[in-house]
Amino acid sequence: MYKNIFLDANILLDYADKNRIFHEVSTKCIEFCLKQNLDLYTSCDLITTIYYIVSKQNKIKALEEVQKLIIFVMLLNFQIVILTKPVI
């Protein structure tokens, strides 16, 4: 079984916004992963995207949701890598 799980924007948005159709499913998925001691990851830019989308409804709620997310999700910093040799 995989130990590292990358959460995309849709899963995190569904989790953060109780009005979204898949809120309950996403919440159960995240809870399952945490109970299984899986490592959850997302990218830094997805956190800002989630804040931006949720803040359109309520800025305080958006900040609270982002604060909840960063408690259990590890943030990945993506870097640009320049390849000088072909990768096979």
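Worth pointing out:
- Selected residue (only one of Ile60, Ile88, Ile80, Ile71 is out of contact with any Lys or Arg (no Cβ under 9 Å at 6 or more places or on another chain), at pLDDT 90 or above, more than 13 Å from Leu13 (Cα to Cα) and loosely packed, with under 10 Cβ neighbours inside 10 Å): Ile60
- Scanning the range 8-38 for residues that are of a type in the set (D, E, K, R), within 14 Å of the chain's Cα centre (by Cα) and closer than 23 Å to Asn58 by Cβ gives Asp8, Asp14, Asp17.
- Residue in the range 24-33 that is modelled with pLDDT under 90 and small (Gly, Ala, Ser) present: no
- With respect to (1) loosely packed, with under 15 Cβ neighbours inside 10 Å; (2) closer than 17 Å to Leu76 by Cβ, the lone exception for Ile50 is condition (1).
The values are calculated or read from the model by the stated rules, or taken from the named source; none is laboratory data. No experiment lies behind these values; they were computed from the predicted model shown. Counting neighbours? That spans all protein chains shown, and the Cβs are built from the backbone with ideal geometry, glycine included.
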